[in-house]
Amino acid sequence: MYKMFVVYAKSKCPFCKKAIAALEGRKIQHKVNFISDTVATIAMLRANGSLPQNSVHKTVPIVFGSNGEFIGGCDALLRSLM
């Protein structure tokens with residue numbers, strides 16, 4: 001079980017920066033894993049059961065909540081924080 005939000009992100013992605021800033025702005029504990037290959041990361045997350053097999057999520061950021069649940073991307077994170 002996670003104790004903090006986990007974000008898979010690319011360093012130059014504006015949506016990743018926005019998601020990370022939202023967590024930081026709310027002082028939510030989080031860990032950022034910077035990646036270079038989105039497709040390979042999504043495949044790995046599906047293979048280890050973190051990302052639902054039926055998920056159509058194909059972009060970064062990839063956000064998981066403090067209990068390890070898949071939240072989605074930046075927009076889904078922002079909605080969940082409201």
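Worth a mention:
- For the stretch 1-23, the candidate set comprises residues that are of a type in the set (D, E, K, R) and modelled with pLDDT of 95 or more; within that set, the residue that is surrounded by the most Cβ atoms within 10 Å (Cβ to Cβ) is Lys10.
- Residues that are more than 16 Å from Glu69 (Cα to Cα) and aliphatic (A, V, I, L, M) within the stretch 24-42 comprise Ile35, Val39, Ala40, listed in sequence order.
- Note on the stretch 59-74: residues that are more than 16 Å from Lys10 (Cα to Cα) and open to solvent by 10 Å² or more (accessible area, probe 1.4 Å) total 6.
- No other residue among Ile71, Ile42 is of a type in the set (Val, Ile, Thr) and in a strand (DSSP E or B) apart from Ile71.
- Matching residues in the stretch 24-43 - criterion: being open to solvent by less than 90 Å² (accessible area, probe 1.4 Å), closer than 19 Å to Lys10 by Cβ and either without any contact (Cβ under 8 Å) to a residue 12 or more places away in the chain or aromatic (Phe, Trp, Tyr) (or both): Asp37, Ala40, Ala43
- Subset of the stretch 45-70 that is in contact (Cβ under 8 Å) with a residue 40 or more places away in the chain and in contact with a Ser or Thr (Cβ under 8 Å, 6 or more places away or on another chain) - its residue that is farthest from Ile28 (Cα to Cα): Thr59
The values are calculated or read from the model by the stated rules, or taken from the named source; none is laboratory data. Source: prediction; values computed, not measured. Note that each Cβ is placed from the backbone with ideal geometry, even for glycine, and that neighbours are counted across all protein chains shown. Ligands, DNA and RNA are stripped out before the accessible areas are found, and what is left, the full protein with its side chains, is counted by its heavy atoms. Shrake-Rupley method; radii C 1.70, N 1.55, O 1.52, S 1.80 Å.
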